[in-house]
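Worksheet: the structure to be examined is printed underneath.
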Amino acid sequence: MTNNIGQPTALSDRPYLVLNSQSQVLQFELKQQQHVLGRDRTRADLIVPEPWRAVSGIHAVFRQIGDNYWIYDGDGQKPSTNGLFVDRTRITPNDGYCLKNGAEIKIGLDPKNQVLLTYFNPKANQVVLSSKQSIPLKNRSVLLGRDPNASLQLDSPLVSRRHATIDQDSRGNYILRDYSVNGVFVNGQRVTNSVQLSEGDAIRIGPFTLIYRSGELEMQDSGHQIRLDADCLVIPKRLEGIKLAIEPGQFVALVGGSGAGKSTLMRTLLGIEKTTEGVVYLNGDNLRKNFNIYRNQIGYVPQDDIIHADLQVEEVLTYAAKLRLPPDTDVKQVVTKTLEDIEMTHRRNALVKELSGGQRKRVSIGVELLADPKLFFLDEPTSGLDP
């Protein structure tokens, strides 16, 4: 194995990588059937400097399959610590990801300690175009929110019409001010009134992730896709080393006999049940440590209905919407759409106690759909449902 110890490579027409860590740039040419990227000088041939702590000793494996290179997380069997991400979707050690010209891979999700890996193939005709949206901040007042006239419209039920503003002060610093109910999080911490932005700050508003960089605000993630990873979950006598990965858009069923631990596992994946070992990750973030950020993006319908029996269906949804959504929300419009989604418009004035078991389950689901969750859990979803 020939070691390339963090030195820029004289590039030919071979595919190559460009790695950027806090403006320090390295280039590596890919010319073997397999390459290993990492900080370990004894096992990696694409070696990054020791201070690049986001990169594991063995962080990624590149394999040439046909005309393409594929990237696999970790050593191809055991995942790396900080992971590999494409649009916040984690690349797995087993499935890997086929690299196209211009593809961008993020090592880690912490903007202050992140490495951006870009793949280039000079022989390819097409380049993957970035879908990122960004706006300049200089010499203007920037409004972020659901308002159609906002500088950057963030269309989600969890976002207020005038959620936050960013203004430049007399010293040239950019100040973010929160005017919302559901809050603004900067680098995982909820903002109290206002905060001065620093280079690379990650701003979370509802499901959206924005990055402040070089006087611009860049949309990193619109929040439409959430990947869940469970890593060796242990609860004595109930869960034993559970590992699983759920990709965005997947429909997953937990099947087992009575008392097998299905509800326990679900509550653990939700962040409700504590484990003695293991971690649940959402888009690479530790769920328990970042629960306040993700709580409004997760829907959960428990096994037993918890809606009030003496209220009308429309009343149940209306009260739930007023509790969960910003006060400037058009509650009537949201409730009307939800009734259509759960096919209960014709029963909107019926009391919950007059409904069939299946109809009650639909109303319970509707309560969760109000906030447009990106990750939806249903415990015993078919109990009482219509055939």
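For the chain, what does the relative contact order come out to in percent, with C-alpha contacts under 8 Å and a separation of six or more?
Once divided by the residue count of the chain, the mean separation gives 10 percent.
With the Kirkwood sum run over all distinct C-alpha pairs, the stretch 133-221 has a hydrodynamic radius of 12.7 Å.
Counted by Cβ distance under 11 Å from Asn20, the other residues give a net charge of 0, where Lys and Arg count +1 and Asp and Glu count -1. Distances between placed amide hydrogens fall under 5 Å for Ser56 paired with Thr81, Asn82, all partners being 5 or more residues away or on another chain. A simple packing score, the average count of other Cβ atoms within 10 Å per residue, orders the peptides 300-307, 228-235 as 228-235, 300-307, with the highest score first.
At the listed q of 0.11, 0.23 Å⁻¹, the Debye profile of the stretch 295-387, built from one uniform point per Cα, gives log10 I(q)/I(0) equal to -0.27, -1.25. For the stretch 238-244, 3J(HN,Hα) computed residue by residue from phi via the Karplus equation (6.51, -1.76, 1.60; θ = phi - 60°) reads 10, 10, 10, x, 6, 10, 7 Hz, glycine and proline entered as x.
Ignoring lysines fewer than eight residues from Lys237 along the same chain, the ones with Cα atoms less than 21 angstrom from its Cα are Lys262, Lys274.
Amide H to amide H, with H built 1.01 Å from N, Tyr300 comes under 5 Å of Phe377, counting only residues 5 or more places away or on other chains. For the stretch 169-233, a crude dipole built from +1 on the beta carbon of Lys and Arg and -1 on the beta carbon of Asp and Glu, taken about the Cα centre, is about 200 debye to the nearest 20. 3J(HN,Hα) along the stretch 345-354, derived from phi through the Karplus expression 6.51 cos²θ - 1.76 cosθ + 1.60 where θ = phi - 60°, amounts to 4, 6, 10, 4, 9, 7, 6, 4, 5, 8 Hz, with x in place of Gly and Pro. Across the stretch 133-221, the mean sequence separation of Cα contacts (distance under 8 Å, 6 or more residues apart), normalised by length, yields a relative contact order of 25 percent.
Taking packing as the residue-averaged number of other Cβ atoms within 10 angstrom, the listed peptides 78-85, 22-29, 372-379 run from highest to lowest as 78-85, 372-379, 22-29.
So what is the calculated 222 nm ellipticity per residue for the chain, using -39500 (n - 2.57) for each DSSP H run with n of 4 or more, over all residues, to the nearest 500 deg cm²/dmol? The partial results should precede the final answer.
Numbers: 5 runs with 48 residues, N = 387.
Taken over the chain, the calculation gives -3500 deg cm²/dmol.
Residues whose amide H falls under 5 Å from that of Tyr69, counting only those 5 or more places apart or on a different chain, are Leu99, with hydrogens built in the peptide plane.
Computed from the Cα positions only, the extents of the stretch 4-120 along the three principal axes stand at 33, 30, 28 Å, in decreasing order. Considering only the Cα atoms of the stretch 225-289, their convex hull presents on average a projected area of 4.3 nm².
Relative contact order of the stretch 12-136: 24 percent, from C-alpha pairs under 8 Å at least 6 residues apart in sequence.
Geometric descriptor of the stretch 30-98, per residue, is 88 Å³ (volume of the convex hull of the Cα atoms).
For Thr382 and Gln133, a Förster radius of 35 Å and the Cβ-Cβ distance give a FRET efficiency of 0.30, rounded to the nearest 0.05. Sorting 357-367, 185-195 by average packing, meaning the other beta carbons within 10 Å per residue, from highest down gives 357-367, 185-195.
Backbone geometry of the stretch 179-195 corresponds, through the Karplus equation with coefficients 6.51, -1.76 and 1.60 at θ = phi - 60°, to 3J(HN,Hα) couplings of 10, 9, 8, 7, x, 10, 10, 10, 6, x, 10, 5, 6, 9, 6, 8, 8 Hz, x marking Gly and Pro.
Bear in mind that the values in this text are calculations on the coordinates, not laboratory data. All values derive from a computational prediction rather than experimental measurement. Note: ideal-geometry Cβ built from the backbone for every residue, glycine included; neighbour counts use all protein chains shown.
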